[in-house]
Amino acid sequence: MGNLHSESALCASVSVWSFFSHVEEHRDAYINEEKSPVMYDRLLNLASSALAEKEFKQESSRFLEEPYQQASAWKPCSDRKVPMKMGKFDKNNGYILISANGGLNQQRVAICNAVAVASLLNATLVLPRFLYSNVWKDPSQFGDIYQEEYFMSTLKDEVNIVKDLPPHLSSLDFEALGSLITDADIVKEAKPVDYIRSVLPPLLKNGVVHFLGFGNRLGFDPLPSNLQRLRCKCNFHALKFVPKIQQTGSLLVRRIRKYDAARRMLDKQLLGNFMPKNSSNKQDTSRGPSKYLALHLRFEVDMVAYSLCEFGGGENEKKNLQAYRETHFPLLIERLKNSSPISPTKLRKLGRCPLTPEEAALVLAGLGYKRGTYIYLAGSHVYGGESRMYPFTSLYPNLVTKESLLTSDELAPFRNFSSQLAALDFIACATADVFAITDSGSQLSSLVSGFRTYYGGGHAPTLRPNKKRLAAILSEKSTIGWNAFEDRVKKMIEEGQRVRARGFGRSIYRQPRCPECMCKEAR
């Protein structure tokens, strides 16, 4: 089916949130309402008219596939066999224990970096531990999210990995010994030499080091190719979700698609033995699968407040966001007292403001996605709730979340585990026909888009708006015609989809097109 739309799926999306019950005739009253957060009422009207005209036309958005054939030339190969001399050394210098902070995606990066550091220092890695955070409030540990035995066996030829420290080391006071390594001891984006100078001595002396809060503490360049490849192998091959997550993720994907037709390499890697089977209903098979677009909309209150931008909500919005900053970002408040902040208008021109749901909807409309497009929203904790989302759902009402697609009983095992819930979003976004992001700096967006590049075979497009260019387009909201708007938005997205090899210093998790991670076929 060319369009990301399934008539039989439309009814299922109506109950996501209470604002799904809004009808089109309330739109004008909403836009003219005093203190309305709508910022682009003219463009929304143009978009609504354009979508209405497209409704009965057969053509679909050309942004259903990656536009450049070179994308399919890159194939996954970080799991290729390596010569024995590049594997493990006979001598072991000790044990590395890490306690990773952050949420699911920050933890994933920490795990892959830890594997590389263990190889670099010729040490045995203890299965990573996850710190409890008052922000995430998730007690999940490695084995609650990833398959431990699979992880260890996948990497066994290159890194020694054990589940626990030996008893004679587990009771030691690492801080007193000088074996406790914090983020203050290792610079961000550290080089291998930093670990050899700072970490290897206490490792050799005490037989163990503990990285507390270990995160983004290993740079991407310069790095030996075997370590770079090892990080890719860890991220794209060794880390598989536990069956509980795979099974519910498969259920989620089947309900989004409506037909059991997804059996791509992406699905196999993420869903394991819970891959959807062929549909037995011949009529459903003839109609083909229901395609969908996944959207990661980074418009949570913390990101909105920290940005220092304004979003059309007037004085009430300014007061609310300032109060939030004073409570949650005291260091930001102190910094602002001693500096001259950039104006919200300037921030927007520079592309530093999070995209609102309204702006995201306008981009999708500009790309030609029809009103019936089935959209999966990752996260769903949108700042402003119903009123802020209304401009989006007025254009695209078929919006679903994991909360709307799964029953309370199906969600219950994940309810108090934010990282496990994030894993379900990861699966739904990575296996989507199209993945749209609004903030390229997000860890989820980076990891998912990299996964799609690695396993997508050139058929898993990711839409990345250039926020600076988009701000310039939207600055003409009072005069620009819809055809011109469409043309400029399409050119912006196409530019972001160009097939480029990973640049120096760029993340291999987001941009795995490099010799250490992927092999390029001659064309």
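Loop-located GluC sites (Glu not before Pro) in region 90-191 (DSSP state other than H, G, I, E, B) with a sparse environment of at most 13 neighbouring Cβ atoms within 10 Å: Glu189. Taking the Cα atoms of region 40-129, the ratio Rg/Rh between the radius of gyration and the Kirkwood radius comes to 1.32. Which stretch or stretches of region 348-370 have amide N atoms under 18 Å from the point lying 7 Å from Met303's Cα along the Cα→Cβ direction? Residues passing the 18 Å test: 348-364. What angle do you read, to the nearest 10 degrees and between 0 and 90, between the alpha-carbon axis of helix 482-496 and the longest principal axis of the chain? With both axes taken from Cα atoms, the answer is about 10 degrees. Candidate cross-link partners of Lys191 among the aspartates and glutamates, defined by an alpha-carbon separation under 18 Å and a same-chain spacing of 8 or more, comprise Asp183, Asp221, Glu516.
With the Cα gyration tensor of region 74-178 giving a ≥ b ≥ c as the square roots of its eigenvalues, does the rule (a/c under 1.5 for rounded; else a/b larger than b/c for prolate; else oblate) give rounded, prolate or oblate? Here region 74-178 falls in the oblate category. Sorting 356-364, 124-132 by their mean Cβ neighbour count within 10 Å, with the most densely packed peptide first, gives 356-364, 124-132. Note on region 102-160: with neighbouring protein chains present and a 1.4 Å probe, carbon and sulfur make up 50 percent of its accessible heavy-atom surface. Only aspartates and glutamates eight or more places from Lys240 in sequence, or on another chain, were considered; those with a Cα closer than 15 Å are Asp79, Asp144, Glu148, Glu149, Asp267, Asp425. Placing pseudo-labels 7 Å out from each Cα toward the beta carbon at Arg264 and Asn466 gives an inter-label distance of 2.5 nm. Straight-distance candidates among the lysines for linking to Lys81, with alpha-carbon spacing under 18 Å and chain neighbours fewer than 8 residues away dropped: Lys156, Lys233, Lys520. Spin-label model, Glu326 to Asn93: label points 7 Å out along the Cα-to-beta-carbon direction sit 5.1 nm apart.
Each of Lys75 and Phe56 was given a label point 7 Å from its Cα along the Cα-to-Cβ line. The distance between the two points is 4.8 nm.
A 1.4 Å probe run over the protein chains yields, for region 392-433, 27 Å² of accessible area per residue, whole-number rounding. Between the Cα long axis of helix 243-257 and the first principal axis of the chain there is an angle of about 20°, rounded to the nearest 10. Each residue of region 512-519 was assigned a 3J(HN,Hα) from its phi angle through the Karplus expression (A = 6.51, B = -1.76, C = 1.60, θ = phi - 60°), giving x, 6, 7, x, 6, 10, 10, 9 Hz with x at Gly and Pro.
Taking a ≥ b ≥ c as the square roots of the Cα gyration tensor eigenvalues, with a/c under 1.5 meaning rounded and otherwise prolate when a/b beats b/c, else oblate, which class fits region 145-205? The shape class here is oblate.
Under 5 Å between amide hydrogens, built in the peptide plane, is the criterion, and for Ala436 it picks out Ala294, Leu295, His296, Leu463 among residues at least 5 positions away or on other chains.
Its Kirkwood hydrodynamic radius, worked out from the mean inverse distance over all distinct Cα pairs, puts region 438-523 at 14.6 Å.
In region 394-523, the portion of solvent-accessible area held by carbon and sulfur atoms comes to 47 percent [1.4 Å probe, whole percent, DNA, RNA and ligands not counted]. Accessible surface ranking for Leu251, Leu347, 1.4 angstrom probe, highest first: Leu251, Leu347. Net charge of the neighbourhood of Gln107, taken over other residues with C-beta under 14 Å away and scored Lys/Arg +1, Asp/Glu -1, is +1. Using alpha carbons only, how many degrees (0 to 90, rounded to 10) separate the axis of helix 443-455 from the longest principal axis of the chain? Tilt of helix 443-455: around 80 degrees. Rounded to the nearest 500, the 222 nm mean residue ellipticity of the chain from helices alone is -12000 deg cm²/dmol, with -39,500 (n - 2.57) taken per DSSP H run of at least 4 residues. The Cα center of region 89-131 and the Cα center of region 358-430 differ in position by 33 Å.
For region 472-511, which trypsin sites (Lys or Arg not before Pro) pass both filters: DSSP loop (anything but H, G, I, E, B) and at most 14 other C-beta atoms within 10 Å?
Working: sites: Lys477, Arg488, Lys490, Lys491, Arg498, Arg500, Arg502, Arg506, Arg510; in loops: Lys477, Arg498, Arg500, Arg502, Arg506, Arg510.
In loop regions of region 472-511 (DSSP not H, G, I, E or B), the sparsely surrounded trypsin sites (Lys or Arg not before Pro) are Arg498, Arg500.
Set against the labelled values (1) 41; (2) 34; (3) 49, percent of Cα pairs over 34 Å apart computed from this structure falls on (1). The share of Cα pairs per 5 Å bin across region 361-490, counted from zero up to the longest distance, runs 2, 9, 16, 19, 22, 17, 9, 4, 2, 1, 0 percent. Applying 0.36 nm per residue to the separation of Asn206 and Asp194 and subtracting their alpha-carbon distance, the gain on full extension is 2.5 nm.
Considering only the other residues whose Cβ falls under 12 Å of the Cβ of Ser179, what net charge follows from Lys and Arg at +1 and Asp and Glu at -1? The partial results should precede the final answer.
Values: positive: Lys205; negative: Asp173, Glu175, Asp185.
Summing Lys and Arg as +1 and Asp and Glu as -1 gives -2.
The values are calculated or read from the model by the stated rules, or taken from the named source; none is laboratory data. This structure is a prediction, so every number in the text was calculated from the model and none was measured. Cβ: placed from backbone, ideal geometry, glycine included. Neighbour counts: every protein chain shown. Note: accessible area is taken over every heavy atom of the protein model, side chains too, but ligands, DNA and RNA are not part of it. Shrake-Rupley method; radii C 1.70, N 1.55, O 1.52, S 1.80 Å.
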